[in-house]
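See below for the structure under consideration.
The values are calculated or read from the model by the stated rules, or taken from the named source; none is laboratory data. Note that the structure is a prediction, hence the values are computed from the model and not measured. Positions of Cβ are generated from backbone atoms using ideal geometry, with glycine treated the same way; all protein chains shown enter the neighbour counts. Accessible surface areas use protein heavy atoms only, side chains included; no ligands, DNA or RNA. Shrake-Rupley method; radii C 1.70, N 1.55, O 1.52, S 1.80 Å.
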Amino acid sequence: MDKRTRRLRGSEQLRLMTRETRLSANSLIYPLFVREGKGIAEALPSLPGQIRYSPDTLAKGMETAINAGVRSFLLFGIPAAKDERGSGAYDEKGVIQQALRNLKLAYGKDVCLIADVCLCEYTSHGHCGLVENDRIDNDSTLPLLAQIALSYVSSGSDVVAPSGMMDGTVSCVRKALDANGFTDVPIMSYAAKYASALYGPFREAASSVPRFGDRKTYQMDWHNSREALKRIQIDIDEGADIIIVKPALAYLDIVSRVSRRVNEPVAAYSVSGEYAMIKAAAASAFIDEYRIMCESAVSVFRAGADILITYFAKELAAAIKKGDIG
Ligand code: PBG
Ligand code: ZN
């Protein structure tokens with residue numbers, strides 16, 4: 001026999017040497033929820049193991065993740081009050097603005113802070129855009145998104161991540177940042193975001209369940225993959241620096257196609273429902289949580305992603321350090 005693939009699997013050292021996929025804690029982004037208030041660190045029932053902080057407890061709350069090696073964080077805000085125009089999102093004293101200022105004081109350049117830019121957590125109707133005559137009005141939403149992004153960057157955000165899937169967002173945000181001297185701040189765009197049922201636990205955690213209708217008029221139909229390529233190309237042409245594909249596990253074909261096609265870094269977002277499924281199945285002892293967590297994270301990088309956004313960031317960083325993956 002001339003072809004024995006087994007030769008490369010004869011010892012642990014051979015297996016490690018010939019591995020194709022390598023992981024680093026530097027490639028992980030940890031999503032965090034920040035709510036208005038003081039002294040809060042509350043468990044999230046829809047996301048077991050995740051904690052929602054107020055701006056004053058957040059820096060301390062991030063210590064375990066930072067000690068595990070996680071350096072990048074994606075911040076979602078939950079304001080005290082919501083209104084039609086989501087004004088809490090671009091309030092200088094808003095919950096994310098406070099959090100960003102506190103975190104920059106505490107950690108400076110040791111962390112990369114990414115602020116999610118969207119209206120859904122801040123609007124009374126729970127949609128990602130302004131509502132006019134029961135429809136989401138794309139164009140009148142854009143100046144607000146630019147204003148939100150500018151406010152976050154002025155408060156210390158290193159990156160902005162517009163997630164609302166409104167057409168023209170990236171160019172509008174880019175123009176606003178450039179006009180205010182923030183030419184070096186990158187935009188990480190949720191370019192291919194599907195209208196997935198996997199966002200349920202997040203919407204509970206962020207209290208952003210739409211009050212009417214659904215998000216199918218602006219998020220993508222999961223029967224389509226060429227549409228993702230089209231959206232991504234548009235965002236890149238508008239100036240997106242990092243591309244997000246979301247969700248991750250059921251969309252690895254998209255991650256694979258996109259990462260081969262574009263020259264920008266590709267991030268896959270393993271969303272709340274993916275996390276909750278693993279947690280729930282493990283709680284019933286149907287699966288081994290640690291091994292499934294490791295296997296699914298590796299699969300995302302194997303598919304071609306450069307970055308993984310995951311609620312398991314701490315645990316994965318620890319698994320990498322231990323040598324169980326990577
Ligand atoms: C909306 C937004 C969503 C998520 C992040 N920002 C989804 C949605 O409600 O449509 C989901 C993230 C997750 O499920 O982990 N701008
Ligand atoms: Zn939104």
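Within the stretch 33-159, all pairs of alpha-carbon atoms sorted by distance into 5 Å bins from zero give the percentages 2, 11, 20, 22, 19, 13, 8, 3, 1, 0.
Comparing Cα centroids, the stretch 181-209 and the stretch 6-78 end up 17 angstrom apart. Ordering 151-162, 117-128 by mean Cβ neighbour count within 10 Å, with the highest value first, yields 117-128, 151-162.
Which percent, to the nearest 5, of DSSP beta bridges fully inside the chain are antiparallel?
Working: 6 of 38 bridges.
Taking every DSSP beta bridge within the chain, about 15 percent pair in antiparallel fashion.
Once the other residues with Cβ under 15 Å from the Cβ of Gly164 are scored (Lys, Arg +1; Asp, Glu -1), what is the net sum? Before the final figure, lay out the partial values.
On the way: positive: Arg85, Arg135, Lys193, Arg203, Arg215, Lys216, Arg231, Lys246; negative: Asp116, Glu121, Asp137, Asp139, Asp167, Asp214, Asp235, Glu238.
Counting the neighbours of Gly164, the net charge comes to 0.
Span-like helix criteria (full DSSP H runs; alpha carbon extent of at least 20 Å along the helix axis; mean Kyte-Doolittle hydropathy of at least -1.0) are satisfied in the chain by 138-154. Taken over the Cα atoms of the stretch 158-215, the convex hull encloses 114 Å³ per residue. Within straight-line reach of Lys279, meaning a Cα separation under 28 Å, sit the following lysines at least 8 residues removed in sequence or on another chain: Lys60, Lys193, Lys216, Lys246, Lys314, Lys321, Lys322.
Between the stretch 228-244 and the stretch 87-144, what is the C-alpha centre distance in whole Å? Spelled out, the Cα-based centre of one part sits 21 Å from the other.
Coordinate range of the alpha-carbon atoms in the stretch 277-326 per principal axis, descending: 32, 22, 16 Å.
Express the accessible area of the stretch 202-311 per residue in Å², computed with a 1.4 Å probe while the remaining protein chains stay in the model. Kindly include the intermediate steps, with their values, before the conclusion.
On the way: 5300 Å² over 110 residues.
Ligands and nucleic acids excluded, the figure is 48 Å² per residue.
Averaged over every viewing direction, what's the projected area of the C-alpha convex hull for the chain? Give it in nm², one decimal, please.
Details: hull surface 72.8 nm².
Mean shadow area of the hull around the Cα atoms is 18.2 nm².
Heavy-atom surface analysis with a 1.4 Å probe gives the chain a carbon and sulfur content of 51 percent of its accessible area.
Residues whose amide H comes within less than 5 Å of that of Ile29, counting only those at least five positions distant or on another chain, are Leu308, Ile309, Thr310 (H built at 1.01 Å from N in the peptide plane).
When peptides 56-62, 307-313, 11-17, 259-265 are ranked by their average number of other Cβ atoms within 10 Å per residue, the highest-first order is 307-313, 56-62, 259-265, 11-17. For the stretch 192-225, there are no residues whose amide N sits under 17 Å from a probe point set 7 Å from the Cα of Asn133 along the beta carbon direction.
Entry for the stretch 1-94 at q = 0.17, 0.20, 0.23 Å⁻¹: log10 I(q)/I(0) = -0.85, -1.03, -1.19, Debye formula applied to identical alpha-carbon scatterers, no solvent contribution.
Rounded to the nearest 500 deg cm²/dmol, what is the calculated helix-only ellipticity per residue at 222 nm for the chain, with -39500 (n - 2.57) per DSSP H run of length n ≥ 4? One gets -11000 deg cm²/dmol as the mean residue ellipticity at 222 nm.
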